[in-house]
Amino acid sequence: MSSKLSTLLLQAHGIPKPKEELRFSPIRRWRFDYAWEEVKVAVELDGGVFCAGRHARGAGIRRDHEKINAAIELGWVVLRYLPAEVDYAQISRVIAQRKKTEDAA
C-alpha cells in the first residue's frame, strides 16, 4: 500500500472504516488497498506515478488493468486516486449510492 487514507477525513465525511488489503478474487491473490465489502466499493491508491514507479510502467499498468477489469466483472466499483488527491466526498457518494441500490433490491 503506497499511502494511508485519513481516518479524520473518513470520519468527517461519514465514511465507515474500510478493510485494508482485502483479497477480492477467488482465483487470484489480488487485493484492494481499501474496501467496503458490504457494498463492493474499493479504493486503490496509485503511488509512484511521477517517478517511474510500478503504476507508471507498462507491465504495472497492464497488471492494474487486469486487476481492475476482473473486479468490475465481479461487481465492484473501484475508485483510483493518487495518494494526495483522494476525493473523500466522492467515496461517500458512491458508498451511499451503492447502499441505496442494495436497499432497493
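The values are calculated or read from the model by the stated rules, or taken from the named source; none is laboratory data. Every value quoted in this text rests on a predicted model; they were computed, and no experiment measured them. Cβ atoms come from the backbone with ideal geometry, glycine included; neighbour counts cover every protein chain shown.
Name the pairs: first residue in segment 92-105 and of a type in the set (D, E, K, R), second residue part of a loop (DSSP other than H, G, I, E, B) and modelled with pLDDT of 90 or more, Cβ to Cβ under 7 Å, at least 6 apart or on different chains?
Final answer for the pair search is R98/K40.
Name, by its number, the condition in (1) modelled with pLDDT of 95 or more; (2) more than 11 Å from the chain's Cα centre (by Cα) that does not hold for G48.
Failing condition for G48: (1).
Pairs needed: first member in segment 63-79, within 12 Å of D33 (Cβ to Cβ) and without any contact (Cβ under 8 Å) to a residue 60 or more places away in the chain; second member anywhere, hydrophobic (A, V, I, L, M, F, W, C) and in a helix (DSSP H, G or I); C-beta distance under 8 Å; at least 6 residues apart or different chains.
V78/I68; V78/A71; V78/I72; L79/I91; L79/V94
Yes or no, residue by residue, for (1) modelled with pLDDT of 95 or more; (2) closer than 20 Å to D87 by Cβ; (3) in contact with a strand residue (DSSP E or B) (Cβ under 6 Å, 6 or more places away or on another chain):
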position	(1), (2), (3)
S3	no, yes, yes
L10	yes, yes, no
K17	yes, yes, no
R23	yes, no, yes
P26	no, no, no
W30	yes, no, no
D33	yes, yes, yes
V41	yes, yes, yes
E44	yes, yes, yes
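Could you grab me the full set of residues in segment 58-105 that are outside any helix (DSSP H, G or I) and of a type in the set (D, E, K, R)?
R80, D87
Only one of V77, V86 is among the aliphatic types (A, V, I, L, M), within 21 Å of S3 (Cα to Cα) and touching a Lys or Arg at 6+ places or on another chain (Cβ under 7 Å). Can you tell me which?
Criteria check complete, one pass: V77.
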